[in-house]
Amino acid sequence: MQNRAALNATKELSEKYSELTYNPMGNTGLLCSQAGFGSYRVQKAIPAHKEALEHALLNGINLIDTSTNYGDGGSEELIGKVIKKLIAAHKINRDQIIVTSKAGYIQNRNFQESQNRKRENNPWPDLVEYGPDIEHCIHPEFLEDQLNKSINRLQLETIDFYLLHNPESV
């Protein structure tokens, strides 16, 4: 078993849940469930959100979409806890699950950190002040910071796909 999505493992999952539709993810060879678990409004403190994610993963859904901003990072924390719990219980394998996250927008805790960096005369490079209480940045230094925070919250060694939130905003 690997610590990332793997070709054979996603194929094996698609055979186990043959009643679901799985499609190739580009030219990666990974098979992705046609329906995924999006976590835009998922909150770690809401038991029904945890139950919904567990249900999805235990019933063949293998695509999880999250973001550093969803639930101010709480979405990633919940996803990490659920994946870790189900793997420990031998109910799912990490290499069957495709995890995506994204960064770019700066809100909530990240916005406060950005304000602190500005006060210290160390703003994120290429920062765009997008609106009240929201900024945007896709500079590699910012993305590295956000990727590391996401990996820690998700309790994973790697994220399978990392996306940019609205790169046209810069």
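Can you name every residue in the range 44-57 that is open to solvent by 80 Å² or more (accessible area, probe 1.4 Å) and under 14 Å from residue 75 (Cβ atoms)? Before you say what the answer is, go through the steps one by one.
As a first pass, look at the range 44-57 and keep what is open to solvent by 80 Å² or more (accessible area, probe 1.4 Å): 44-45, 47, 51, 55.
If the condition is that a residue be open to solvent by 80 Å² or more (accessible area, probe 1.4 Å) and under 14 Å from residue 75 (Cβ atoms), then 44, 45 are the ones that fit.
Being aliphatic (A, V, I, L, M) and either farther than 15 Å from residue 87 by Cα or in contact with a Ser or Thr (Cβ under 7 Å, 6 or more places away or on another chain) (or both) narrows it down to one of 5, 35, 9, 56, so name that one.
On the way: 5 fails: either farther than 15 Å from residue 87 by Cα or in contact with a Ser or Thr (Cβ under 7 Å, 6 or more places away or on another chain) (or both); 9 fails: either farther than 15 Å from residue 87 by Cα or in contact with a Ser or Thr (Cβ under 7 Å, 6 or more places away or on another chain) (or both); 56 fails: either farther than 15 Å from residue 87 by Cα or in contact with a Ser or Thr (Cβ under 7 Å, 6 or more places away or on another chain) (or both).
Step by step, each of 5, 35, 9, 56 is checked, and only 35 is aliphatic (A, V, I, L, M) and either farther than 15 Å from residue 87 by Cα or in contact with a Ser or Thr (Cβ under 7 Å, 6 or more places away or on another chain) (or both).
Quick test for you: out of 45, 52, pick the one residue that is under 28 Å from residue 109 (Cα atoms), among the aliphatic types (A, V, I, L, M) and touching a Gly at 6+ places or on another chain (Cβ under 8 Å).
Values: 52 fails: touching a Gly at 6+ places or on another chain (Cβ under 8 Å).
None of the other options fit; the residue is 45.
Going by the structure shown, is residue 62 open to solvent by less than 10 Å² (accessible area, probe 1.4 Å) and touching a residue at least 40 places away in the same chain (Cβ under 8 Å)? Reasoning before the result, please.
On the way: open to solvent by less than 10 Å² (accessible area, probe 1.4 Å): yes; touching a residue at least 40 places away in the same chain (Cβ under 8 Å): yes.
For residue 62, the condition - open to solvent by less than 10 Å² (accessible area, probe 1.4 Å) and touching a residue at least 40 places away in the same chain (Cβ under 8 Å) - is met.
Could you tell me whether any residue of the range 118-138 is closer than 18 Å to residue 72 by Cα, of a type in the set (D, E, K, R), at pLDDT 95 or above and outside any loop (DSSP other than H, G, I, E, B)?
Among the residues of the range 118-138, at least one is closer than 18 Å to residue 72 by Cα, of a type in the set (D, E, K, R), at pLDDT 95 or above and outside any loop (DSSP other than H, G, I, E, B), which makes the answer yes.
Is it the case that some residue within the range 142-150 is open to solvent by 60 Å² or more (accessible area, probe 1.4 Å) and charged (D, E, K, R)?
Restricting attention to the range 142-150, the residues satisfying the condition of being open to solvent by 60 Å² or more (accessible area, probe 1.4 Å) are 144, 148.
If we keep only those that are charged (D, E, K, R) as well, we get 144.
Looking through the range 142-150, at least one residue is open to solvent by 60 Å² or more (accessible area, probe 1.4 Å) and charged (D, E, K, R).
Inside the range 87-104, can you point out the residues that are assigned to a loop (DSSP other than H, G, I, E, B) and either crowded, with 21+ Cβ neighbours inside 10 Å or among the β-branched types (Val, Ile, Thr) (or both)? Can you show your working first?
Filtering the range 87-104 for residues assigned to a loop (DSSP other than H, G, I, E, B) gives 89-93, 97, 104.
If the condition is that a residue be assigned to a loop (DSSP other than H, G, I, E, B) and either crowded, with 21+ Cβ neighbours inside 10 Å or among the β-branched types (Val, Ile, Thr) (or both), then 92, 97, 104 are the ones that fit.
Residue by residue through the range 7-43, note down the ones that are hydroxyl-bearing (Ser, Thr, Tyr), open to solvent by less than 60 Å² (accessible area, probe 1.4 Å) and more than 22 Å from residue 165 (Cβ to Cβ).
In the first step, residues of the range 7-43 are kept if they are hydroxyl-bearing (Ser, Thr, Tyr); the result is 10, 14, 17-18, 21-22, 28, 33, 39-40.
Next, from what is left, pick out any that are open to solvent by less than 60 Å² (accessible area, probe 1.4 Å): 10, 14, 17, 22, 28, 33, 39.
Once the filter is applied, which keeps residues that are hydroxyl-bearing (Ser, Thr, Tyr), open to solvent by less than 60 Å² (accessible area, probe 1.4 Å) and more than 22 Å from residue 165 (Cβ to Cβ), the range 7-43 yields 10, 14, 17, 22, 33.
Checking residue 94 against (1) closer than 17 Å to residue 16 by Cα; (2) touching a His at 6+ places or on another chain (Cβ under 7 Å), which test does it fail?
Exception for residue 94: condition (2).
Filter the range 1-58 for residues that are charged (D, E, K, R), part of a loop (DSSP other than H, G, I, E, B) and over 17 Å from residue 100 (Cα atoms) and give the result.
Initial filter on the range 1-58 (charged (D, E, K, R)): 4, 11-12, 15-16, 19, 41, 44, 50-51, 54.
Next, from what is left, pick out any that are part of a loop (DSSP other than H, G, I, E, B): 4, 19, 41, 44.
19, 44 - these are the residues of the range 1-58 that are charged (D, E, K, R), part of a loop (DSSP other than H, G, I, E, B) and over 17 Å from residue 100 (Cα atoms).
For residue 69, are the conditions met, namely being over 13 Å from the mean Cα position of the chain (by Cα) and either surrounded by fewer than 18 Cβ atoms within 10 Å (Cβ to Cβ) or in contact (Cβ under 8 Å) with a residue 40 or more places away in the chain (or both)? Break it down stepwise before answering.
Working: over 13 Å from the mean Cα position of the chain (by Cα): no; either surrounded by fewer than 18 Cβ atoms within 10 Å (Cβ to Cβ) or in contact (Cβ under 8 Å) with a residue 40 or more places away in the chain (or both): yes.
No; evaluated as a whole, the condition is false for this residue.
Condition (residue is of a type outside the set (S, T, N, Q), at pLDDT below 95 and farther than 19 Å from residue 163 by Cα) applied to the range 70-78: is it met by at least one residue?
No.
The values are calculated or read from the model by the stated rules, or taken from the named source; none is laboratory data. This one's a predicted model, so the numbers in the text were calculated from it and none came from an experiment. Virtual Cβ from ideal backbone geometry, glycine too; neighbours counted across all protein chains shown. Please note that ligands, DNA and RNA were not included when accessible areas were found on the heavy atoms of the full protein model with its side chains. Shrake-Rupley method; radii C 1.70, N 1.55, O 1.52, S 1.80 Å.
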